[in-house]
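First the structure, in the form of structure tokens, and then the observations on it.
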Number of protein chains: 2
Amino acid sequence: MTAAELYRDATADEIDRAVTHADECVDVMAALPGAKIGELLDAIASHIEGLGDELLQRAGSETALTEARLRAERGRTTNQLRQFAEIARDGSWKQVRRDGPMPDRQPARRPDLRRTVIPIGPVAVWAASNFPLAFSIAGGDTASGLAAGCPVVVKAHPGHPGTSELTAHAVEKAIESVGLPAGVFSMLQGSSPEVSLRLVQHPKIAAGAFTGSLRAGRALYDAASRRPIPIPFFAEMGSVNPVFVLEEALRERGPSIAEGLFQSVTLGVGQFCTCPGLVFAAEGAALDEFANTLRDRFKASSSGSMLTPSIARSYRDGAAHLATIEGVHTCAPAIKGDGTPMLFEVSDDTFVKNEELKHEVFGPSMVLVRCASAERMLEIARSLEGSLTATVHASGHDLERNRALLAVLTRKAGRLLFNGFPTGVEVCASMQHGGPFPATTDARFTSVGAASIQRFARPICFQDCPPEFLPPELQAL
Amino acid sequence: MTAAELYRDATADEIDRAVTHADECVDVMAALPGAKIGELLDAIASHIEGLGDELLQRAGSETALTEARLRAERGRTTNQLRQFAEIARDGSWKQVRRDGPMPDRQPARRPDLRRTVIPIGPVAVWAASNFPLAFSIAGGDTASGLAAGCPVVVKAHPGHPGTSELTAHAVEKAIESVGLPAGVFSMLQGSSPEVSLRLVQHPKIAAGAFTGSLRAGRALYDAASRRPIPIPFFAEMGSVNPVFVLEEALRERGPSIAEGLFQSVTLGVGQFCTCPGLVFAAEGAALDEFANTLRDRFKASSSGSMLTPSIARSYRDGAAHLATIEGVHTCAPAIKGDGTPMLFEVSDDTFVKNEELKHEVFGPSMVLVRCASAERMLEIARSLEGSLTATVHASGHDLERNRALLAVLTRKAGRLLFNGFPTGVEVCASMQHGGPFPATTDARFTSVGAASIQRFARPICFQDCPPEFLPPELQAL
């Protein structure tokens, strides 16, 4: 029996029921003190841990990710939940403020104005394929949505339906254990785009959060924007995460940077949003050595199983297409399999001429662009699309000499790294996991870190409200 | 010579030039210290004051607004500019934060992460008809865009093209006086939708802000969302601003509430976004007295000139249509003119049956809905569209008895008023001038008050950046 047979798509009725139940919980959730939301999120974390190895085994069998990776990912997932529990309890994320009354002001009195935020309403979340725990059923989007006080309806990813069922069950038990109504959270299975479209178009859905491909993310964003009542839709989609290796750094430590890049691009079989897909460096003896090291590492590498057959197929097709472009030199291991690491080398001219080289190929592929000069590299940087990250490797006077490049990269990415590698996203208050389109649909928000809660809340101002009817956080002001 | 002949629409070339110049200023603006942006905004305020009475006279002749109103509006405009100058200088709106490095953390070190915000890029602003100064060329959207460090291109409203030229000239002189490049600000005239569409579709425009009708706002939002690279577009559009007069308040002070509502709905010939268009109260002797007072005031009122012939036409048509609906009782002064205050009385059944009664008619019109009971009023409240404001008049035990209504209104509006009248929007940190669609396209933002700057900035995280290359606000962390 295939997954599609075991886990059938949610029907229109089931979608409507889930969203209607979520909507019925809006007032209950909105009235909860932060401590209670914290209790809920902590309980979800505990119930996920309570699933024990069964969850890891199921996830492993559905995604081909290693146990070690899944164990670490489970830790990240429960950490995220507990971080958001703390954020909900603390409450300072609401940024409350007050402009007190001025009864005698001329020409008109100033009323008492107090501002807080309220949950935006039922949130639809689309689980990602590449994080079956940390960006799936009880992942960052769900955790931040619940922390904001929103009921959440999650569309499971068809790549790991069993893992999703297990997790959803844990969430349901956690909700019950803290005495909240079941409608606070629902999961829908769905491998057909119909399920997603029905969900995003449901009149009672108030916001959406998605992690996945550009094509699916754009389609859902379009549907969200075209509704009779449009809703905010945050999609985190494609990102090439360009890396610039500057002159002195290349000379001083080219091989070690090459080694780090190889590790980063092949981590998790290249299936991270922040996988470094484009590398730029200026021509010279140091670049030859750098490229040699990269080539050696790619040649000596081996294939890895990808998350789903369809991701493997997309990767194979995408990489095969790049290899056919005139002027592209391809380097791959002798034995090719599912997720074969692929290195493509091109001149700056070839890169400029072929738009498709600028787009993400999801998987362990890297395009090394050999630039005639630093000026040429700057010019090309200006033409890049938005990304989640941009990275600069610099030594000595490199940064001083490339201030213009830094300014350009600041405009292109949500996170700017120095002498590091973009994979590995810290879950913390300072993180920005977002960036200009096509990295996301709205660069003003993030889907990782404390600030991701801001996607799901909207401000409200109370004017001359009798204190006892104000939300608790405004009574104290 | 008509305005259309004097002020011709900007050509495609002119639009492209304005946006290109704006884009060329992005790095210069982004690198400015807050003090310099403050200097610019203060200079704009001074140069507007320097226009003296000529500005007020021109605005008066183009909009039919009184000199007293325009004088007050100019004060609000320069106050807004100076408030944003202070916000830019202060810098705390950037909400910078840091998660410091943990070199020894296992299994991986934590890098040094510091977060700030950067300007989103060139902002397009659409001037409103109803605030020829405070929401026009140098109004709130322009002030908050510049304060965020964004170059701004403003599309002037064809209702007051001469006022716009004068103001734009003052802004240009202010920019010159502080030594910034001219591209930081441009104004485009345009009465055809083509100009607006070209502007919102220009690839180098990074965000849009609009105040005006639902039809125009939605069309531009749609265009912004359908771009190959979609951009955030904040439109502040239609709002009915419902008012609920509860039982004890109606009995205790019905006539004085009626008087206040009449003043609010006719203020500025009803041409405010927060004009109270819908009033709900429960049947009884007190409602009869309340309605009598309202009727007397409407009957004794006189017409006022509206901002433009097309607004006057829309108002006349909209009000005339309401009057034709079966079950609608109309009350208007004997002498009818341009902007005639109109009161419509309906039963709850008539209101529920006729969807068009729920929509805004821009101008001094008010629909009084006589509800059979408080339960019926609650039920109807649930069916209302989003609004900028919702108002409750309550005495004694009214609020305690209507907690469910308060919860519903919280979900419907951006500002909740108690025993007040919605016109009159304070420009301050706690203000929320936004609300669920169709009030705005994104209830998470505001177009009035300090928080309006957040529309035009996006976060960026610097990872392990050498201190001397960090933005100044991150160096100090």
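Values in this text are rule-based calculations from the coordinates and carry no lab data. Keep in mind it's a predicted model, so treat the numbers as computed, not measured. Neighbour counts are summed over all protein chains in view; Cβ atoms, including those assigned to glycine, are modelled from backbone coordinates with ideal geometry.
As a proxy for reagent exposure, ranking B:136, B:365 by other Cβ atoms within 10 Å from fewest up yields B:365, B:136.
Dipole orientation for segment B:243-418: of the candidates B:357, B:267, B:371, B:267 has the Cα lying most toward the positive pole (charges on Cβ; Lys, Arg +1; Asp, Glu -1). DSSP bridge analysis restricted to the protein assembly as shown gives an antiparallel fraction near 30%, rounded to the nearest 5. Each other residue within a Cβ distance under 11 Å of residue A:444 adds +1 if Lys or Arg and -1 if Asp or Glu, for a net charge of +2.
With its label point defined 7 Å out from Cα along the Cα-to-Cβ axis, residue B:333 lies at 8.5 nm from the matching points of the other copies, in increasing order. Taking the centroid of alpha carbons for each part, segment B:383-442 and segment B:171-218 are 31 Å apart.
The same position residue B:352 in the other copies lies at 6.9 nm from this copy, comparing label points 7 Å beyond Cα toward the beta-carbon, shortest first. P(r) tail for segment B:243-418: Cα pairs beyond 24 Å make up 31% of the total. Close amide H contacts of residue A:342 (hydrogens built in the peptide plane, cut-off under 5 Å, sequence separation of 5 or more or a different chain): A:365, A:366. Rounded to the nearest 20, the Cβ-based charge dipole of segment B:243-418 about its Cα centre (Lys and Arg +1, Asp and Glu -1) stands at 420 debye. Amide H contacts for residue A:393 (H built 1.01 Å from N in the peptide plane; partners 5 or more residues away or on another chain; cut-off under 5 Å): A:244, A:245, A:246, A:419. Taking the fewest neighbouring Cβ atoms within 10 Å as the starting point, the ordered list for A:256, A:225 is A:256, A:225. Excluding same-chain neighbours fewer than eight residues apart, the aspartates and glutamates reachable from residue A:336 by a Cα-Cα span under 20 Å are A:296, A:317, A:345. Inter-copy label distances for residue B:464: 5.8 nm (label point placed 7 Å from Cα along Cα→Cβ; shortest first). Would you work out which of A:91, A:108, A:154 lies farthest towards the positive end of the dipole of segment A:90-154, given +1 charges on the beta-carbon of Lys and Arg and -1 on that of Asp and Glu, about the Cα centre? Of the listed residues, the answer is A:108.
Distance to the B-onto-A rotation axis is smallest for one chain B Cβ; residue and value in angstrom are B:225, 2.
Magnitude of the Cβ-charge dipole of segment B:304-357, K/R +1 and D/E -1, about the Cα centre, nearest 20 debye?
It works out to roughly 340 debye.
Roughly how many debye, to the nearest 20, is the charge dipole of chain B about its Cα centre, given +1 on each Lys and Arg Cβ, -1 on each Asp and Glu Cβ, and no other charges? Walk me through the numbers on the way to the answer.
Numbers: 47 positive and 55 negative charges, 173 e Å.
For chain B, the charge dipole is close to 840 debye.
Ordered by the number of other Cβ atoms lying within 10 Å of each residue's own Cβ, fewest first, B:468, B:259 fall into the sequence B:468, B:259. Residues in segment A:242-254 carry Karplus couplings, in order, of x, 10, 10, 9, 7, 3, 5, 5, 4, 5, 6, 8, x Hz; the curve used is 6.51 cos²θ - 1.76 cosθ + 1.60 with θ = phi - 60°, and Gly or Pro positions show x.
Computed extension gain for residue B:317 through residue B:13, at 0.36 nm per residue and net of the alpha carbon distance, reaches 105.7 nm. Simple rule: put +1 on each Lys or Arg Cβ and -1 on each Asp or Glu Cβ in chain B, find the dipole, and look at B:229, B:287, B:383; the Cα lying farthest toward the positive end is B:229.
What pairs in B:36/B:155; A:299/A:412; A:36/A:155; A:94/B:358; A:353/A:412; A:155/A:358 have C-alpha atoms more than 28 Å from each other? Cα-Cα > 28 Å for A:299/A:412; A:94/B:358; A:155/A:358; rest within.
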